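Data first, discussion second: the structure below is written as structure tokens.
The values are calculated or read from the model by the stated rules, or taken from the named source; none is laboratory data. Just so you know, these numbers come straight off a predicted model, no measurement behind them. Neighbour counts are summed over all protein chains in view; Cβ atoms, including those assigned to glycine, are modelled from backbone coordinates with ideal geometry. Side chains included, ligands, DNA and RNA excluded: accessible areas come from the protein's heavy atoms. Shrake-Rupley method; radii C 1.70, N 1.55, O 1.52, S 1.80 Å.
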Amino acid sequence: MDRIRLIRPTDKKYSQLAQEHWDSVAKPLRSFGLLETFWNRIAAVQKTEFPDISERAVVVMCADNGVVAEGVTQTDSSVTAVCTEAIACGRSNINALADTFRANVYAVDIGVAADLECDRVISRKLAYGSDNIAVGPAMTVENVYRAVAVGMDMVRDLAEKGVRIIVTGEMGIGNTTPTSALSSVLLGLPPEKVTGKGAGLSSEGLLHKAEVIKRAITVNSPFSDDPAELISKLGSYEIAGMTGLFLGGAVYGVTMVIDGVISAVSAVLASMFAPASVDYMLAGHVSAEPSGRMLLERLGLNAVIDGGLRLGEGTGGILLLPLLDGAAALYNRAHRFDGAGIERYVELI
């Protein structure tokens with residue numbers, strides 16, 4: 001993974017230039033709030049005072065999870081394949097939003113437990129699903145690195161096409177279970193504090209899910225600061241692939257939007273590989289899952305949207321795009337103090 005060593009912090013000089021531009025817009029200082037901060041972060045990634053996010057994409061990592069065998073989901077693993085093909089062929093939830101917000105959607109089969117027929121699926125299959133974390137590791141460390149490379153390669157290829165902002169998404173029945181397991185270890189909290197109902201469990205089902213996660217942690221003893229080892233023991237192929245997306249954003253100069261809790265845990269893992277990769281991330285929204293907010297806090301990131309969203313596929317993250325488009329319109333086209341005959345606001349202490 002030599003590319004990870006190339007990751008450097010963004011150039012904050014461009015963040016400052018962008019903030020100076022915001023301060024010249026005829027409005028109270030900092031009055032567009034967090035969206036100003038987001039725009040400044042994009043400027044630092046793109047190394048320009050005038051960033052451009054007109055070319056955008058959604059990358060959905062798709063894979064199955066062996067832990068579904070423990071009865072931690074409402075549906076079975078066959079749904080992953082159906083939904084992956086729907087995303088690839090333009091029929092799913094994320095596609096409806098992406099059409100509205102002018103983003104291309106890419107569905108990557110990194111570990112679906114079936115052979116897919118839609119020729120628009122990007123096939124990077126490393127296995128037919130992860131192994132059951134309740135009885136042993138999810139995958140080998142070698143396959144973790146291979147999955148991370150898949151994510152990094154996706155960003156490289158899209159950056160070469162001019163894409164400058166990517167929303168991260170996932171599809172994988174059962175993947176909130178490895179996410180909660182990883183969150184428990186990363187946040188140092190018991191499983192019941194970080195485990196939610198996912199796509200829909202009863203209260204009894206939630207208790208069972210937490211017990212399965214406790215068993216997975218006991219069986220795998222995942223107490224390490226090595227992110228590859230953590231993913232190997234408790235993760236999934238879509239989590240590993242999304243971790244690679246975030247690292248790829250930092251290598252290839254692309255802003256990466258965190259979606260929900262599965263995306264957030266992947267972002268934390270990416271930050272463990274390369275702390276500077278956080279400079280290239282924006283938080284799309286705060287997930288309704290219990291650990292969602294805590295993972296963003298671990299990254300030091302705030303989100304504009306806090307709406308109890310938990311649909312997945314990148315559907316929460318993509319809602320940030322129209323807000324950023326609004327920020328771009330204000331930044332680039334609103335009247336400025338020097339041309340409006342209005343006295344500038346000054347910073348008061």
query: What is the gain in length, in nm to one decimal, between Lys193 and Gln16 on full extension, counting 0.36 nm per residue of separation less the C-alpha to C-alpha distance?
result: 59.8 nm
- prompt: How would Glu85, Glu20 rank on accessible area, largest to smallest, probe 1.4 Å?
  reply: Glu20, Glu85
field: Whole-angstrom gap from segment 135-161 to segment 39-72, using each part's C-alpha centre
entry: 14
message: Projecting each Cα onto the charge dipole of the chain (Lys/Arg +1, Asp/Glu -1 at the beta carbon, about the Cα centre), which of Pro9, Ile94, Val155 comes out farthest on the positive side?
response: Pro9
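About the Cα centre of the chain, how large is the charge dipole given +1 on each Lys and Arg Cβ and -1 on each Asp and Glu Cβ? Please answer in debye to the nearest 20.
600
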query: How many nm is it between the label spots at Arg91 and His208, if each spot is 7 Å from the Cα in line with the beta carbon?
result: 3.0
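Would you mind getting the accessible area per residue of segment 118-244, heavy atoms of the protein chains only, 1.4 Å probe, in Å²? Spell out each step's value before the answer.
Details: 4800 Å² over 127 residues.
For segment 118-244, the per-residue accessible area is 38 Å².
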- line: In deg cm²/dmol, rounded to the nearest 500, the helical mean residue ellipticity at 222 nm of the chain, built from -39500 (n - 2.57) for every DSSP H run of length 4 or more, is -14500 deg cm²/dmol
field: Cβ-defined net charge surrounding Leu320, 11 Å radius [Lys, Arg +1; Asp, Glu -1]
entry: -1
- line: In the neighbourhood of Gly111 defined by beta carbon distances under 13 Å, the net charge of the other residues (Lys, Arg +1; Asp, Glu -1) is -3
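Please compute the Kirkwood hydrodynamic radius of the chain from all pairs of different C-alpha atoms, in Å with one decimal.
Details: mean 1/r = 0.0494 Å⁻¹.
Radius from the Kirkwood sum: 20.2 Å.
Output the pairs from Lys47/Lys161; Lys125/Lys193; Lys13/Lys161 with a Cα-Cα distance over 22 Å in this structure; if there are none, say none.
On the way: Lys47/Lys161 18 Å; Lys125/Lys193 33 Å; Lys13/Lys161 26 Å.
Going by Cα-Cα distance, Lys125/Lys193; Lys13/Lys161 fall outside the 22 Å limit.
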message: Starting from 0.36 nm per residue, how many nanometres of slack lie between Tyr128 and Arg8 once their C-alpha separation is accounted for?
response: 39.7 nm
statement: FRET efficiency for Ser221 and Thr140 from the Cβ-Cβ distance with R0 = 22 Å, rounded to 0.05, comes out at 0.85
Heavy-atom surface of segment 28-77, accessible at 1.4 Å and reported per residue (Å²): 37
message: Under a crude label model (7 Å from the Cα following the beta-carbon direction), how far is Asp115 from Val346 in nanometres?
response: 7.4
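Run the accessible area of segment 177-219 with a 1.4 Å probe and give the carbon-and-sulfur part as a rounded percent.
Values: 1070 of 1830 Å².
Ligands and nucleic acids excluded, carbon and sulfur reach 58 percent.
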Net charge dipole size for segment 155-277 [Lys, Arg +1 and Asp, Glu -1 on Cβ; Debye, nearest 20]: 120
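Can you say what percent of the DSSP beta bridges in the chain, counting only those with both residues inside, are antiparallel? Round to 5. Let's see the in-between values first.
Values: 1 of 25 bridges.
Percent antiparallel among DSSP bridges in the chain is about 5.
Could you please state how large a percent of the accessible area of segment 42-135 is carbon and sulfur, counting protein chains only and using a 1.4 Å probe?
Details: 1830 of 4070 Å².
Reported share for carbon and sulfur atoms: 45 percent.
Run the numbers on segment 1-89 and let me know its relative contact order in percent, using alpha-carbon pairs under 8 Å that are six or more apart. Could the numbers behind the result be given before it?
On the way: 48 pairs, mean separation 21.9, N = 89.
About 25 percent, as a whole number.
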query: How much of the accessible area of segment 272-349, probe 1.4 Å, is carbon plus sulfur, in whole percent?
result: 52
- request: Compare the Cα positions of Tyr345, Tyr145, Met272 along the charge dipole of the chain (+1 at Cβ of Lys, Arg; -1 at Cβ of Asp, Glu; about the Cα centre) and return the one farthest towards the positive end.
  value: Tyr345
